[in-house]
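Accompanying notes for the structure given below.
The values are calculated or read from the model by the stated rules, or taken from the named source; none is laboratory data. What you are looking at is a predicted structure, and each value in this text was computed from that prediction instead of being measured. FYI the Cβ positions are ideal-geometry reconstructions off the backbone, even for glycines, and counts take in every protein chain you see. Ligands, DNA and RNA are stripped out before the accessible areas are found, and what is left, the full protein with its side chains, is counted by its heavy atoms. Shrake-Rupley method; radii C 1.70, N 1.55, O 1.52, S 1.80 Å.
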Amino acid sequence: MIYADNAATTAMSEAAINTMISLIKDTYGNPSSLYSFGQAAKEVLEKAREDIAGIIGADPREIIFTSGGSEADNQAIISAARLGEKNGKKHIISSAFEHHAVLHTLNKLAKEGFEITLLDVHENGIIKPEEVAAAIREDTALVTIMYANNEIGTVQDIKGIGAVCKEKGVLFHTDAVQAIGHLHIDVKDQNIDMLSASAHKFHGPKGVGFLYARKGIKLTNLIEGGAQEKGRRAGTENVPGIAAMATALGEAVKDIDKNTERLIQVRDKVIAGLKEIPHSALNGDEKNRLPGNINFCFEGIEGESLLLLLDDKGIAASSGSACTSGSLDPSHVLLAIGRVHDVAHGSLRLSLGEDITDEEADYIVKSVKEVVEYLRGFSPVWRDLVAGKTQFIL
Ligand SMILES: *Cc1c(COP(=O)(O)O)cnc(C)c1O
């Protein structure tokens, strides 16, 4: 089995599993309890906070633990909206290809009367800082632009966008769920005011993540209750999960350069191999993309059938994101980069893990080529294209 769906979730690392098990067994006190058994859990919690803060160049007080990336995105955006509206600012800038955790939160705010500008991400999936600058108005409360896209893997000039926001005095949030642990992040150097992260995208456990919010930004609570997380997020902390997240992130950043170099090499080999398939196209900028991300469209086939046949060959991949697969709508990300519906339906995302071997990469290329050819063999859409009844797009 070759797991090539690391953008959907990753396997937990051995070290993260061990951290989690030992804490579940031995350190199950409530960190809010004053006796030493609770305080031991509190120490673990605060050590994790320090470690994570250190990794992204933040202060520990700027880290709020959440249930994952979605919650962090929701809290960041709602908080900025509440701060903005106090000063009559009800305009938010984002992009058309954000994760649904961002887009659906923005939809909710639009119903409350916020005006949302979704920037064009162009054919290559890249937004220029100048375009952000041009969209900022007197009443802009927030710019929220993802660090790296979860489907096509394109990576934005976060420092550049952050600098524009800083200069204009507008809050800047980035959904860094796909980037953290895979790319170097320094929130101060990159002018980031708020950042969302999720442990299960970097070999940590599911159901745990964090929000970085620069000191001085007043957060709105999404969950009311106890005074955990300095009153910013109620509920007894998931100590084993949080500590395992810190372990996983520590490991990920320790090996980042080595992993990146190797993944890019394998990724580019797979991209070159898949480009040999006629009427295919890579989605997203070829160089400005996550080290392990490959996303293609193949004309004349259905992404779903492609996935099932690859599964038969022992390859786990994805078509669109996990949230949209299962629905018949083509991916909003592929539509945002200008792919038409028919072409967007025939998409494949391979997100490679650090442990991918050269043999596995070759096997993936060979298998995708076989499966695409097989499916085209009995696709009426393909037959019409070949017969000249319809026009090839790719
Ligand atoms: C996975 C993902 C999320 C959601 O994170 P969860 O922890 O699963 O809630 C948000 N944004 C991006 C870009 C993601 O890839």
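Rounded to the nearest 10 Å², what accessible area does ILE223 have for a 1.4 Å probe in the complete protein model?
So the heavy atoms of ILE223 present about 60 Å² to solvent.
Suppose only helical runs count, i.e. DSSP H with n ≥ 4. What mean residue ellipticity at 222 nm does that imply for the chain under -39500 (n - 2.57) per run, divided by all residues and rounded to the nearest 500 deg cm²/dmol?
Counting only the DSSP helices, I get -13500 deg cm²/dmol.
Name the residue farthest towards the positive end of the dipole of the chain from the options HIS200, THR66, GLN391, assuming +1 on Cβ of Lys and Arg, -1 on Cβ of Asp and Glu, about the Cα centre.
THR66
Please give, to one decimal in nm, the separation of the simple spin-label points placed at ASP268 and ASP255, each 7 Å out from Cα toward the Cβ.
Between ASP268 and ASP255, the simple spin-label model gives 2.2 nm.
Within segment 14-254, what whole-number % of the accessible surface is contributed by carbon and sulfur, with the 1.4 Å probe and all protein chains included in the calculation? Walk me through the numbers on the way to the answer.
On the way: 5060 of 9620 Å².
Solvent-exposed carbon and sulfur of segment 14-254 make up 53 percent of the total.
For segment 255-387, with every protein chain kept in place, what is the accessible area per residue (1.4 Å probe, Å²)?
That works out to 45 Å² per residue.
How large is the dipole of segment 1-159 about the Cα centre if only Lys and Arg carry +1 and Asp and Glu carry -1, each at its Cβ, rounded to the nearest 20 debye? Kindly include the intermediate steps, with their values, before the conclusion.
Values: 14 positive and 23 negative charges, 108 e Å.
My answer is approximately 520 debye.
If amide H atoms are built 1.01 Å from N in the plane of the peptide, which residues on other chains or at least 5 residues away come under 5 Å of the amide H of THR140?
Amide H neighbours of THR140: none.
What number comes out for accessible area per residue over segment 14-254 if the probe is 1.4 Å? Units Å², please. Before the final figure, lay out each step's value.
Details: 9620 Å² over 241 residues.
Solvent-accessible surface per residue comes out at 40 Å².
With a 10 Å cut-off between alpha carbons and a GNM built on the chain, which of HIS91, HIS100, HIS279 moves the most?
The residue that fluctuates most here is HIS279.
Over the heavy atoms of SER32, what accessible area does a 1.4 Å probe trace out, to the nearest 10 Å²?
We get 70 Å² for SER32.
Looking at the chain, send over the antiparallel percent of its DSSP beta bridges, to the nearest 5.
50 percent
Report, by chain and number, residues whose modeled amide H sits under 5 Å from the one on ALA7, excluding near sequence neighbours (fewer than 5 apart, same chain).
For ALA7, the qualifying residues are SER351.
Return the long-range amide H neighbours of LEU119 (sequence gap of 5 or more, or a different chain), with a cut-off of under 5 Å between placed amide H atoms.
Excluding prolines and chain starts, which carry no amide H, the hits are SER94, SER95, ALA96.
Let me know the longest stretch in the chain that avoids all trypsin sites (Lys or Arg not before Pro) found in a DSSP loop with at most 11 other C-beta atoms within 10 Å. Mind dumping the intermediate values first?
On the way: sites that count: LYS215, LYS218, LYS287, LYS389.
Value returned for the longest uninterrupted segment is 1-214.
Taking the Cα centre of the chain as origin and charging only Cβ (+1 Lys, Arg; -1 Asp, Glu), how large is the dipole, in debye to the nearest 20? Mind dumping the intermediate values first?
Numbers: 41 positive and 55 negative charges, 208 e Å.
Around 1000 debye, computed over the chain.
Starting at the first residue of segment 117-124, write each ³J(HN,Hα) from the Karplus equation 6.51 cos²θ - 1.76 cosθ + 1.60 with θ = phi - 60°, in whole Hz, x for Gly and Pro.
9, 9, 5, 5, 9, 6, 5, 8
Going by a ≥ b ≥ c, the root eigenvalues of the Cα gyration tensor, does segment 240-373 fall in the rounded group (a/c under 1.5), the prolate group (a/b larger than b/c) or the oblate group? Before the final figure, lay out each step's value.
Details: a/c = 1.78, a/b = 1.46, b/c = 1.22.
Since a/c reaches 1.5 and a/b is larger than b/c, the shape of segment 240-373 is classed as prolate.
Between VAL270, LEU352, TYR363, whose Cα lies farthest towards the positive end of the dipole of segment 243-394 when Lys and Arg beta carbons carry +1 and Asp and Glu beta carbons carry -1, centred on the Cα centre?
Farthest towards the positive end: VAL270.
Please list 3J(HN,Hα) in residue order for segment 192-203, calculated via the Karplus relation 6.51 cos²θ - 1.76 cosθ + 1.60 where θ = phi - 60°; whole Hz, with x for glycine and proline.
9, 8, 9, 9, 9, 9, 9, 5, 6, 9, 10, 6
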